[in-house]
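Reading through the structure tokens given below for one structure.
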Amino acid sequence: MSEVTRTVVVGSVQLPRWLFRVFVELEGMYRDMVGRLVAYAVGNGVTSFVKLKALKYLELRSLYPQLPSHYAYTACQDASVRSKSFLKLRRRGLVRKDHPEVREVSIWLDDHLWRMSGLTSIELATHIGWVRVELEPHRQYWRYINTGWRLASEAKLRLDRRGRRLIIYLTFRKTVETYEPRDLVPVDVNENHVAVMIDQDVYLLETGFKDITLGYHYRRKAIQRKYDKLCGVKCKAKRRVLRKLREGERKADLRWKLANIIVRAAVERQSAIVLERLGKNPAKDMINHIKDAQLRHRIYQASFKGVQRAIEEKAREHGVPIIYVNPRNTSRMCPIHKAKIIYENGSRVGRCSRGGELWHREVVACHNLRLKASSHLGGEGDAQSPGGSSLDGSPMPLGSTATHEPTGIPKTLWTRWKSLGATNKNKHLGTNGLAVWWGCVGSV
């Protein structure tokens with residue numbers, strides 16, 4: 001039994017000018033409080049919210065008597081988090097200034113400062129009293145409302161000056177119980193694709209992270225050369241253009257779609273997901289002996305850990321257990337003969353040095369991950385194929401009963417699997433989840 005937390009961002013309708021000025025004034029007072037508290041906390045080494053509130057609460061109340069008292073509480077919470085982070089970075093020598101600057105703020109709200117008014121409006125406590133603001137709910141908001149998530153007492157508020165509206169950060173919580181797995185779904189994450197084993201079949205989901213990384217790398221280089229020559233290195237116009245690049249957003253979108261597909265497949269089969277146990281910074285270990293600057297950049301941006309984090313978050317939301325195994329030699333050892341697989345000329349298909357059969361690199365990795373995790377299902381750690389049919393040990397290349405070759409699925413297909421299942425033109429894919437979908441991708 002565990003509790004899962006999710007944040008949903010909901011915008012308000014455009015506010016009247018007089019009402020938006022009220023929130024501008026509120027933000028200014030809140031920013032001033034947080035700035036004072038952060039300066040004091042960093043100067044005196046205070047990182048505890050309770051201690052900071054005890055020392056500065058009366059001073060804040062005397063400075064801003066018109067504000068509801070709980071703004072002093074939430075400002076102390078905000079400042080303690082900022083000061084703790086700054087002091088930690090300063091101990092590591094990663095800061096350039098003695099004190100942090102409070103530039104942008106999101107107003108922290110507790111249960112005394114806000115409340116829902118129905119499902120489409122919110123009431124906020126301000127220095128002029130309670131104010132009601134209409135929201136513009138979207139599909140994600142309604143999905144959390146209608147699927148058993150409960151609204152938490154805390155929230156955050158940010159001003160959108162260009163649209164003259166408020167951005168509300170609502171927190172939803174849900175208690176999830178992890179089930180006992182009946183099978184395993186191994187997942188092998190690589191730079192340009194993710195391999196998933198479903199019912200003894202391995203599917204290779206193309207991600208295209210390599211092309212995205214290189215494309216934005218060359219685009220950034222071209223922008224930097226252009227603006228550095230025209231207006232210098234510290235050009236503000238260059239920074240504005242660079243901020244519009246969407247590399248991070250595109251990669252995050254692919255990661256969450258991948259996680260959604262993999263976790264739904266595991267839920268339908270009541271399976272556990274098997275992942276490699278990576279370190280805190282796996283890319284750093286991979287580039288130790290690599291001198292090519294472009295390849296080093298690609299590995300750093302390959303999202304190995306990011307894909308795993310997305311899978312972990314989605315799995316926690318649906319109560320899917322995750323098993324971590326040692327990734328050592330998962331793509332180098334034959335799962336049948338425990339012998340080394342020999343790859344030649346950079347090929348992804350290698351030959352077992354003992355049995356002679358051919359193995360695709362991602363297929364053998366998924367089989368080995370499954371074998372290492374088999375003990376968690378009550379089987380032996382060296383069992384050949386827990387929960388499924390046995391592997392083919394014949395010396396014939398890509399033998400008849402084993403899945404030595406994966407089914408490749410292009411990015412253009414798997415990123416749209418929800419839309420395909422919902423449209424009339426693709427009813428044959430089914431709308432009841434991944435069970436039908438996985439059965440159809442083999443013909444692609």
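Structure values in brief
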read-out	value
In nm, spacing of pseudo-spin labels at residue 192 and residue 131 (7 Å Cα→C-beta vector)	5.3 nm
Förster-model FRET efficiency, 30 Å R0, residue 103 and residue 214, C-beta, rounded to 0.05	0.35
Residue-averaged [θ]222 nm for the chain, counting only DSSP H segments that reach four residues, each worth -39500 (n - 2.57)	-13000 deg cm²/dmol
Using alpha carbons only: equivalent-ellipsoid semi-axes of the stretch 241-331, gyration tensor based, whole Å	27, 20, 9
GNM top mover of 178, 47, 415 - the chain, alpha-carbon springs below 10 Å	47
Projected area, mean over directions - the chain, Cα convex hull, nm²	27.4 nm²
Fluctuation leader among 289, 367, 112 - the chain, Gaussian network, Cα springs under 10 angstrom	289
Fully extended contour minus Cα-Cα distance, from residue 57 to residue 309, at 0.36 nm per residue	86.9 nm
Estimated dipole of the stretch 221-325 in Debye, rounded to 20 [Cβ of Lys and Arg +1, of Asp and Glu -1, Cα centre]	1000 debye
Residue-level accessible surface for residue 105, protein heavy atoms, 1.4 Å, Å²	10 Å²
Choice from 411, 88, 56 showing the highest fluctuation, given a GNM over the chain with Cα pairs closer than 10 Å	88
Accessible area, probe 1.4 Å, largest first, for residues 211, 201	211, 201
Theoretical gain in end-to-end length, residue 146 to residue 69 [0.36 nm per residue, Cα-Cα removed]	24.3 nm
Efficiency of FRET from Cβ geometry, residue 119 and residue 174, R₀ 30 Å, rounded to 0.05	0.95
Principal axis dimensions, largest first and in whole angstrom, of the stretch 188-259 by Cα	58, 17, 11
Relative intensity, log₁₀ I(q)/I(0), of the stretch 307-351 from a Debye sum that treats every alpha carbon as a point, q = 0.27 Å⁻¹	-0.92
Cβ-placed point charges (K, R +1; D, E -1), dipole of the stretch 68-207 about Cα centre in debye, nearest 20	1060 debye
Residue-by-residue Karplus 3J(HN,Hα) for the stretch 242-255, coefficients 6.51, -1.76, 1.60, Hz, glycine and proline x	5, 5, 7, 5, 10, 4, x, 5, 5, 5, 4, 4, 5, 4
Residues whose placed amide H lies under 5 Å from that of residue 152, excluding near-sequence neighbours	171, 172, 173
Simple Cβ-charge dipole of the chain, Lys/Arg +1 and Asp/Glu -1, about Cα centre, in debye nearest 20	2500 debye
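The values are calculated or read from the model by the stated rules, or taken from the named source; none is laboratory data. For clarity, every value in this text was computed on a predicted model and none was experimentally measured. Quick reminder, even Gly has a Cβ in these numbers, built from the backbone with ideal geometry, and neighbours come from all protein chains shown. Ligands, DNA and RNA are stripped out before the accessible areas are found, and what is left, the full protein with its side chains, is counted by its heavy atoms. Shrake-Rupley method; radii C 1.70, N 1.55, O 1.52, S 1.80 Å.
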